[in-house]
Amino acid sequence: MSKKTPQIRFKGFTDDWEERKLIEVANYRNGKAHEKDISEDGDYIVVNSKFVSTNGLVKKYSDEMIAPLSKNEIAFVLSDVPNGRAIARTFLINKDNKYSLNQRIAGITPHADTNSYFLHSLMNRNHYFLRFDDGVSQTNLSKKEVEKWVELYPIYQEQQKIGSFFKHLDDTIALHQRKLDLLKEQKKGFLQKMFPKNGAKVPGLRFAGFADDWEELNLGDVTTWTKGQGLTKEDLNEERDGSEAVHYADLYKFSPVMHNVIHWTNSDDGRIIPDNSLLFPASDVTPVGLARASTLRLSGVKAGGDVIIGQLDESINSSFMSYQINANSKKILPLITGTTVKHVQAKSLATVSVSITNMAEQTAIAGIFERIDNLIALHQRKLDLLKEQKKGFLQKMFVS
C-alpha cells in the first residue's frame, strides 16, 4: 500500500493522494474584535473559541455582523491556554447570515475543488497544529503557520465521499448526545420534584397510591458510621487475581448507585462495606466533590481509607437515600472544611436533614432513578463507542 493512500478507501478510488498546502485548497482570513457589540439580545452568534470548543453550545451574541461567515466556511481556533482543548478546533458553518467571526479565530474558505466537510474533518485538532503547544505558554497560531500546513488530498469526488461519511457519523454522534443530554435533564427535573423541599411534608411529584406525609429527621438518626481502610497500590489489581479476590471501592467514579468498582484486591486488610450503606468521600480538592453520596449493589466490597460509610437502618432504602442526598447536595456544602484539600466528617454528615417515607414509596422512587441511570449509562456507552469508531476511521481514512 502506498504511503500516499489511506488504509480504508471507498470502492473505485485508487490514485495516490497529492500533497498540498492549505493556501492551495482554501483561503484564510482573521476575525475581528466584537467586545463593543456583545449583546444578550443580539441577532448574530459570535464565533469565539468557547463556541467552537463546545461545538456551538456556549454562545455569545452581537448586535452587528462584523465579520460575516458563510455556509460551508470553517472557523478555526488560533489561540488557547497551554494544553487547552480549544486550540486548532474547527466548526463548520451551516447557515448564511447567522455567524460573525471573532478575533483569534480564523475563517477558512474552501476552494471550489475542496470539500468543506473533508477539510473540516482533516483540519480539526490536526497533529501539525498541536505541536505548537509547548505546554507552558499560551499557543498562538499565526496566519503563516496555518497557511503553510501541508497534507495529502484526494480528488474532489473522493473528498465528497469521505466528507459525507463523516457528516453522517457526526450527525449520529450528535443525536446520541442530544438523547443523553435530554435524559440528564429529565433526571435533574425528577430530582427536584420527587423529594420534599424547604420543610414541606410531601414532594411535588408522587406515584399514584401514596398520600401520607413524609417525616423529617437527621441522617444520623438512621445511620451507624464507620470509615474505610486504605490499601497500598501493591494490594490493588485492575483485574481479578485469584479466586479469593474481592472488589475494592475508592473515591473514583462516585455516582448515586455504583455499578462497578475499579479495583480488586487479595489483601486481608480493608473494611467490608455493610449492605444497605451510604458512601461519602472524606476528602477532595473541591467542595462539589465532597457533596455527594453513593451506594452499592454488590456485597462484600471493601472501602478505601478516604470513604465514610454510613450503614442505614432496615427501614431505609440506601438507593433512595443516595438520590435524595445528591438532589440536596447544597446541605453538605456548609459542613466542608479545609483550604487546599477539602474535608468532611461523619459527625457533620449526621446533622444533614433528610425526609423519610414508607419503604414502598422509597423503593418506587429509587427504581425510577435507577432506570434513568441505566438508560444514561447505555447512551453514554453508545456515544463513547461512536466516538472511538470515529477516531479509528479518522486514522484510517486519511493519510497521516
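The values are calculated or read from the model by the stated rules, or taken from the named source; none is laboratory data. Since the structure is predicted, the reported quantities are computational estimates derived from the model, not experimental observations. No Cβ is skipped: glycine too gets one built from the backbone with ideal geometry, and neighbour counts run over all protein chains shown. All accessible areas refer to the heavy atoms of the entire protein, side chains included, with ligands and DNA or RNA removed. Shrake-Rupley method; radii C 1.70, N 1.55, O 1.52, S 1.80 Å.
Determine ³J(HN,Hα), in whole Hz, for all residues of region 359-368 in sequence, where each value follows from phi through the Karplus function 6.51 cos²θ - 1.76 cosθ + 1.60 and θ = phi - 60°; x replaces Gly and Pro.
Values per residue, Gly and Pro as x: 4, 4, 6, 4, 5, 5, 5, 4, x, 5 Hz.
Relative contact order (percent) for region 1-60, with alpha-carbon contacts under 8 angstrom and 6 or more residues of separation? Intermediate results must be reported in sequence, preceding the final value.
Details: 24 pairs, mean separation 12.3, N = 60.
Once normalised by length, the contact order is 20 percent.
Give the carbon-plus-sulfur fraction of the accessible surface of region 17-145 in %, rounded to a whole number; probe 1.4 Å, heavy atoms of protein chains only. Don't jump to the answer; show the numbers that get you there.
Values: 2840 of 6630 Å².
The C+S portion of the solvent-accessible surface of region 17-145 is 43 percent.
Quick check: at a probe of 1.4 Å, how many percent of the accessible area of region 279-347 sits on carbon and sulfur atoms? Don't jump to the answer; show the numbers that get you there.
On the way: 1530 of 2860 Å².
Carbon plus sulfur share of accessible area: 53 percent.
What length, rounded to one decimal in nm, is gained on full extension from ASP96 through to ALA200, with 0.36 nm per residue of separation minus their alpha-carbon distance?
Values: separation 104, 0.36 × 104 = 37.44 nm, distance 5.13 nm.
Going from the current span to full extension adds 32.3 nm.
Please list, short to long, the whole-number percent of alpha-carbon pairs of region 1-158 in consecutive 10 angstrom bins beginning at zero.
The percentages, shortest bin first, are 11, 38, 32, 15, 4, 0.
When N counts the residues of region 298-400, how does its alpha-carbon radius of gyration compare numerically with 2.2 N^0.38 Å, as a ratio?
Numbers: Rg = 20.2 Å, N = 103, 2.2 N^0.38 = 12.8 Å.
So region 298-400 has a normalised radius of gyration of 1.57.
Quick check on region 299-359: what does the Kirkwood estimate of hydrodynamic radius come out to from the alpha carbon pairs, in Å? Walk me through the numbers before you get to the answer.
Numbers: mean 1/r = 0.0746 Å⁻¹.
Over region 299-359, the inverse of the mean reciprocal pair distance is 13.4 Å.
With every protein chain left in place, what is the accessible area per residue of region 156-201 in square angstrom, probe 1.4 Å? Walk me through the numbers before you get to the answer.
Values: 2820 Å² over 46 residues.
That works out to 61 Å² per residue.
Between GLY135, HIS343, ILE8, whose Cα lies farthest towards the positive end of the dipole of the chain when Lys and Arg beta carbons carry +1 and Asp and Glu beta carbons carry -1, centred on the Cα centre?
ILE8
Any idea what diffusion coefficient the chain gets from Stokes-Einstein, in µm²/s, Kirkwood Rh on alpha carbon pairs, 25 °C, 0.890 mPa s?
Numbers: Rh = 25.1 Å.
Reported coefficient: 98 µm²/s.
Could the peptides 282-295, 263-276, 374-387 be put in order, highest first, of the mean number of other beta-carbon atoms found within 10 Å of their residues?
Numbers: 282-295: 18.5, 263-276: 16.6, 374-387: 14.5.
My ranking of the peptides, most packed first, is 282-295, 263-276, 374-387.
Roughly how many nanometres apart are two label points built 7 Å out from the Cα toward the Cβ at MET359 and LYS50?
Label at MET359, label at LYS50, 5.0 nm between them.
Are any of the pairs LYS36/LYS95; LYS32/LYS144; LYS179/LYS331; LYS161/LYS396 more than 20 Å apart by Cα-Cα distance, and if so, which?
Values: LYS36/LYS95 24 Å; LYS32/LYS144 18 Å; LYS179/LYS331 30 Å; LYS161/LYS396 14 Å.
Correct reply: LYS36/LYS95; LYS179/LYS331.
Which distance in nm do the two modelled labels at ASP213 and HIS168 give, with both placed 7 Å along the Cα-to-Cβ direction?
Distance between label points: 6.2 nm.
What's the magnitude of the charge dipole for the chain around its Cα centre, counting Lys and Arg as +1 and Asp and Glu as -1 at the beta-carbon? Answer in Debye, nearest 20. Before the final figure, lay out the partial values.
Numbers: 53 positive and 50 negative charges, 217 e Å.
I would put it at about 1040 debye.
Which ³J(HN,Hα) values, rounded to whole Hz and listed in residue order, are derived for region 128-134 from phi using the Karplus coefficients 6.51, -1.76 and 1.60 in 6.51 cos²θ - 1.76 cosθ + 1.60 with θ = phi - 60°, glycine and proline given as x?
4, 6, 5, 5, 6, 7, 8
Probe of 1.4 angstrom, ligands and nucleic acids ignored: what's the accessible area per residue over region 254-400, in square angstrom? Spell out each step's value before the answer.
Details: 6560 Å² over 147 residues.
For region 254-400, the solvent-accessible area averages 45 Å² per residue.
Arrange the residues THR363, THR172 by how much accessible surface each exposes, largest first, with a 1.4 angstrom probe.
Working: THR363 70, THR172 40 Å².
Of THR363, THR172, the descending order of accessible area is THR363, THR172.
Before anything else, pin down the relative contact order of region 259-344: Cα pairs under 8 Å, at least 6 apart, normalised by residue count, whole percent.
On the way: 127 pairs, mean separation 31.7, N = 86.
Dividing the mean separation by the residue count of region 259-344 yields 37 percent.
In debye, nearest 20, what is the charge dipole magnitude of region 52-182 about its Cα centre with +1 on Lys and Arg Cβ and -1 on Asp and Glu Cβ, if you could check?
240
What list of ³J(HN,Hα) values in whole Hz, one per residue of region 208-219 in order, does the Karplus curve 6.51 cos²θ - 1.76 cosθ + 1.60 (θ = phi - 60°) give from phi, with Gly and Pro shown as x?
4, x, 10, 9, 5, 5, 8, 9, 9, 8, 8, 4
Measuring with a 1.4 Å probe in the full set of protein chains, what accessible area per residue, in whole Å², belongs to region 27-94? Don't skip to the end; give the middle numbers.
Numbers: 3570 Å² over 68 residues.
Accessible surface, normalised per residue, equals 53 Å².
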